[in-house]
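Peer 1: Before anything else, here's the structure in question.
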Amino acid sequence: MEANKIYQNSIFLLANLIKDEKLRVELLNNLDYKKQVIELVNNLLILEIDENCSFKDKKWGPIFGKSLVNITKEKIKFVKPDNKTIDDILSDITYLQTYCFNNLQIARDTLTDESFELSEEFVKENSKISNEMKEKYLKSSEKTVIEPEIVDKQKEKPNTEIPDYSNMAGAQSAQGNPFMGTVPLHPLQDPRFYPYNNKPKYTKWLKLSLAISIGIFTLLFIVLSIFVQVAKPYLIDNEFNSIAGFSQEFQKQWKEFLSSEKVDKMGWLFANSLGMQAGGMGIAYIIIMALIISWTIYTIVQPPKTYRQKFIIPGMTLVIPSMFLIMMAFSFIKGFSYIFGSDVPLSQLSGSLFNVAKQQGEKANFSDWYNLNQSGIKELLSEINSSFNMTGAKVLFWLFFVSLLMTAGTIILTLCLNPKLDRDKISKANHEYQTMIAEAMQGRKYEMDQSIYEDKKDIDDFLAELQNGKNKHNNKNKNDEKDQDA
């Protein structure tokens, strides 16, 4: 269970304990009960410090610590227990709820109620014990006159600081807890438990096809990006390389533009012709992306480390390549338009030259301006296209597009064929686990239904197969070392 959820459950359990007058007075009657409540506050310190938990942007450990001091009129040293896990804290919560249910006849719904508004003022209002409450609930030997509340005085504030660990922490932690600080392994964490609805035998081949398709797609993306980036730019001088067909007005604007840029020639990149404004992806980005994809492919094809991994492909393994697939496809979106017949180079060149004209004060709209300069633009484009390997780019784009479809199809197929969680089986496992804990807290032993686990022979066969694989790998390494020594 998530740490923040356990933190919320803990503070509402404490709030419900002090909200109930009987349970509030019971802190004076019952030493064992009081120790468990103190330990619950100690657990808040773990969640606040180690897990950075809070509720409504507040740390509730000091608030409930102060409340307990007000109720008991005792100096209480609150300490952060050592070596305590989230499961241990969950065990303490479950044990205290069961204790109140069995020994104090308090309904579980009363203890888990979260329908009220929890505030610091609410805690303060429920941190007092009146004479009437003492008369009603306090054992006769414990009855005394109520003293004024003194906790707001500086010297009486409860110690909720982290330093100063106490030996009492360990004693309180184990007090009355049948698990002695440990919780039996939940079925979902047990390698013998398989929470899915089927065990496909084709998973190995599905993983292989997924890895191959992702690998080919990534390789083509890298090749296409480098192919575009290494192409030598086409240089356009102030006379348009002696190409006719441009209006006198635009020729003047072009010369003024080059002069303002303080250059004699302007380079036109291969990437510009294909609508890739940044020239594809930078080399550094391509290297990083290749490393991430390589790691993803390795996680897909590596031998399974658990019985579950033998039959499933984890969702995150599909998320990463899917994200990169979308990013890569988007970066070449105009290139796809080009291979499907759109005159991307013409629209890119004419658009760029028109922007230059607009910068130099051109008043005409694009259509009128293009009609005046159409002949020159097309002649210039012909020269540009002949300087670039447009045929090679088109072939690579087709291959990349096919690999894109193949990879997308494989990912979708994997999502469809991947085993789904068996909700009924998980529900039964949770029920068995909760029953075992409840019985253990009553001092009784409960044997969980072993049918929720996989057949022992299947697990043993898998572990033997795993060990054989490790042995072969180790033997290969030893033989390689011997060959090197020889």
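Peer 1: Can you tell me which condition residue 323 does not meet? The list is (1) surrounded by 13 or more Cβ atoms within 10 Å (Cβ to Cβ); (2) of a type in the set (A, V, I, L, M); (3) part of a helix (DSSP H, G or I), and all the others hold.
Peer 2: Here residue 323 clears every test but (1).
Residues checked against (1) in contact (Cβ under 8 Å) with a residue 24 or more places away in the chain; (2) outside any helix (DSSP H, G or I); (3) of a type in the set (A, V, I, L, M); (4) under 30 Å from residue 215 (Cα atoms):
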| site | (1), (2), (3), (4) |
| --- | --- |
| 382 | no, no, no, no |
| 386 | no, no, no, no |
| 407 | yes, no, no, yes |
| 424 | no, no, no, no |
| 429 | yes, no, yes, no |
| 432 | yes, no, no, no |
| 447 | no, yes, no, no |
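Peer 1: Additional query: Can you confirm whether residue 349 is among the aliphatic types (A, V, I, L, M) and touching a Leu at 6+ places or on another chain (Cβ under 6 Å)?
Peer 2: yes
Peer 1: Filter segment 417-443 down to the residues that are modelled with pLDDT of 80 or more, farther than 30 Å from residue 206 by Cα and polar (S, T, N, Q) and list them by number.
Peer 2: 430, 434, 435
Peer 1: Looking only at segment 237-259, which residues are of a type in the set (S, T, N, Q), surrounded by 15 or more Cβ atoms within 10 Å (Cβ to Cβ) and over 18 Å from residue 364 (Cα atoms)?
Peer 2: 238
Matching residues to (1) under 49 Å from the mean Cα position of the chain (by Cα); (2) in a loop (DSSP other than H, G, I, E, B):
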| position | (1), (2) |
| --- | --- |
| 363 | no, yes |
| 368 | no, no |
| 372 | no, no |
| 395 | yes, no |
| 404 | yes, no |
| 413 | yes, no |
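Peer 1: Then there is this: Please state which one of 80, 59 is surrounded by fewer than 21 Cβ atoms within 10 Å (Cβ to Cβ), in contact with a helix residue (DSSP H, G or I) (Cβ under 6 Å, 6 or more places away or on another chain) and either within 30 Å of residue 132 (Cα to Cα) or charged (D, E, K, R) (or both).
Peer 2: Only one candidate passes the filter, namely 59.
Peer 1: Then there is this: For segment 231-254, does any single residue satisfy the condition of being part of a helix (DSSP H, G or I), in contact (Cβ under 8 Å) with a residue 40 or more places away in the chain and among the aliphatic types (A, V, I, L, M)?
Peer 2: no
The values are calculated or read from the model by the stated rules, or taken from the named source; none is laboratory data. Fair warning: this is a prediction, and the values are worked out from it, not measured in the lab. With ideal geometry, Cβ positions are generated from the backbone for all residues, glycine too; neighbour counts draw on all protein chains shown.
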